[in-house]
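Asker: Just passing along the structure, written as structure tokens.
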Amino acid sequence: MIVAIGIGAVTVPTGEVWRIIWHHLTGGGTVADPAMDQIVWNFRTPRVVLAALVGAGLAVTGVVLQAVVANPLADPYVLGVSSGASLGAVLVITLTSGALGGLGVSSAAFLGAAAAAALVFLLGRKQGRLAPTRLVLSGVAVGYLFLAATSYLQLRATPTELRTVMFWMLGSVAGAQWGQLPAVATVVLTTTVVLTLFGRRLNALLVGDESATALGVDVHRLRAVLLVLSSLVTGTVIAVAGGIGFVGLMIPHLVRLTTGADHRRLLPQAALVGAIYLVVVDLLSRTVNRPNELPLGILTALFGAPFFLWLLRRNKSLDTA
């Protein structure tokens, strides 16, 4: 992270980055260059921290959703949560010029994600119980419905609004601010710890509902709790970073290749790898096409799609998913 903070349009030596961060955290030392201080502390540090939190949150959500619906292709996009967030954000950007009754883009995106998750939750129930297949199908249907509404709003948008919409939908942490970080960090870190404590029960879901029930797991209540927690994380990170695809799909499979499917290890390691991955992607997004920045979603798709195609060829079990 220190290296990522130092690299950009203006390169800051690693030692100077350390000194500036140490000065702000402890009050010790001095900062020789106010401009460097502003670049490091006000712009790049919150951006890199937010990228790490978003990457961790999306990776953990992917792990959990794949276990909840027993489908290796599940991620926030498949279950429609990302589409709900996009609709909320685009609604505010195109119809209210960035605010609706005091409701900003991030808040609208969170409410959209929550609405989509609630709708999928209701439609995915059968006789009062959550059914994995119905959850996936409901998520796909809700996702397409929200996508249609988002596309209609884009057709009505002005060129300036459309550019804002496209950049938001493809994801970015360029607008990161210190004020955003406490809430995002609390949700992502707390939920990751709680979900890791569910590790044994998540492992039980892997062997099937009947076997999990025989082990004493209330699979239906467990799925409901996991869906609520994963939706909370997804809505929170998408609200501040926009739609970033493939992280929740790619990172869980990448970590399983090296650590196995035990969720007690898989969840914290996926969070760590997801955090590192998105910090690297963000670094590339602001350096490969200087002085312009690329949306994160372009790079995650560029890396994620070939990885997933390789994984499909390597693991024939995915063919039956």
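Asker: Can you pull the one-decimal nm distance between simple spin-label points at Thr259 and Arg313, each 7 Å off the Cα toward Cβ?
Answerer: 2.8
Asker: For the chain, what ratio Rg/Rh do Cα atoms give with a Kirkwood hydrodynamic radius?
Answerer: Radius of gyration relative to Kirkwood radius: 0.99.
Asker: Beta carbons within 10 angstrom, averaged per residue: use that to sort the peptides 78-90, 46-58, highest first.
Answerer: Ranked by mean Cβ neighbours within 10 Å, highest first: 78-90, 46-58.
Asker: For the stretch 202-321, what are Rg and Dmax over the alpha carbons, in angstrom?
Answerer: Every Cα atom of the stretch 202-321 included, Rg and Dmax give 17.0, 59 Å.
Asker: With labels modelled as points extended 7 Å from the Cα through the Cβ direction, what inter-label distance (nm, one decimal) is found for Ala301 paired with Leu206?
Answerer: 3.2
Asker: According to a simple spin-label model (label point 7 Å from Cα along Cα-to-Cβ), what is the distance in nm between Thr158 and Ala141?
Answerer: Calculated label separation equals 3.9 nm.
Asker: What is the helix-to-structure angle for 105-123, meaning the angle in degrees between its Cα long axis and the longest Cα principal axis of the chain, kept from 0 to 90 and rounded to the nearest 10?
Answerer: Once rounded, one gets 10 degrees.
Asker: How large is the direction-averaged shadow of the alpha-carbon convex hull of the stretch 1-64, in nm²?
Answerer: 4.9
Asker: Largest first and in whole Å, give the semi-axes of the stretch 11-160's equivalent ellipsoid, each being the square root of 5 times a Cα gyration tensor eigenvalue. Intermediate values should be presented prior to the final figure.
Answerer: On the way: eigenvalues 310, 100, 28 Å².
One finds semi-axes of 39, 22, 12 Å for the stretch 11-160.
Asker: Moving to a separate point now. By how many degrees, between 0 and 90 and to the nearest 10, does the Cα long axis of helix 132-156 differ from the longest principal axis of the chain?
Answerer: Orientation of helix 132-156: about 40 degrees from the principal axis.
Asker: How charged is the neighbourhood of Ile7? Take every other residue with its Cβ under 10 Å from the Cβ of Ile7, and add Lys/Arg as +1 and Asp/Glu as -1. Before the final figure, lay out each step's value.
Answerer: Working: positive: Arg44, Arg286; negative: none.
With Lys, Arg at +1 and Asp, Glu at -1, the net is +2.
Asker: Right, another one. Along the Cα-to-C-beta direction of Leu215, a point sits 7 Å from the Cα; which residues of the stretch 52-86 have their amide N less than 18 Å from that point?
Answerer: What the label zone holds, given the 18 Å backbone N cut-off, is 63-72.
Asker: Right, next: Given the rule -39500 (n - 2.57) for each run of at least 4 DSSP H residues, summed and divided by the residues of the chain, what is its mean residue ellipticity at 222 nm, to the nearest 500 deg cm²/dmol?
Answerer: Theoretical 222 nm ellipticity from helices: -23000 deg cm²/dmol.
Asker: Another question, if that's okay. Mind pulling the angle between the C-alpha long axis of helix 181-197 and the longest principal axis of the chain? Nearest 10 degrees, somewhere in 0 to 90.
Answerer: Taking the Cα atoms of the chain, the angle to 181-197 is about 30 degrees.
Asker: Which order do the peptides 133-143, 301-311 come out in when sorted by mean C-beta neighbours inside 10 angstrom, highest first?
Answerer: 133-143, 301-311
Asker: Further, regarding this structure: Which FRET efficiency value, to the nearest 0.05, do you get for Ile7 and Gln177 by plugging their Cβ-Cβ distance into 1/(1 + (r/R0)^6) with R0 = 25 Å?
Answerer: The formula returns an efficiency of 0.75 here.
Asker: Tell me, what % of the accessible area of the stretch 1-106 is carbon and sulfur with a 1.4 angstrom probe?
Answerer: On the way: 2750 of 4100 Å².
Summing carbon and sulfur atoms, their accessible area is 67 percent of the total for the stretch 1-106.
Asker: Counting only heavy atoms of the protein chains, get the accessible area per residue of the chain (1.4 Å probe) and round it to a whole Å² value.
Answerer: Working: 14910 Å² over 321 residues.
For the chain, the solvent-accessible area averages 46 Å² per residue.
Asker: By per-residue mean of other Cβ atoms within 10 Å, what is the highest-first order of 17-26, 279-288? Please list the in-between numbers first.
Answerer: Details: 17-26: 16.1, 279-288: 20.0.
Packing proxy ranking, top to bottom: 279-288, 17-26.
The values are calculated or read from the model by the stated rules, or taken from the named source; none is laboratory data. Fair warning: this is a prediction, and the values are worked out from it, not measured in the lab. Methodologically, a virtual Cβ is constructed for each residue, glycine included, from the backbone with ideal geometry; neighbour enumeration extends over all protein chains shown. Protein only, heavy atoms only, side chains kept; ligands, DNA and RNA dropped before computing areas. Shrake-Rupley method; radii C 1.70, N 1.55, O 1.52, S 1.80 Å.
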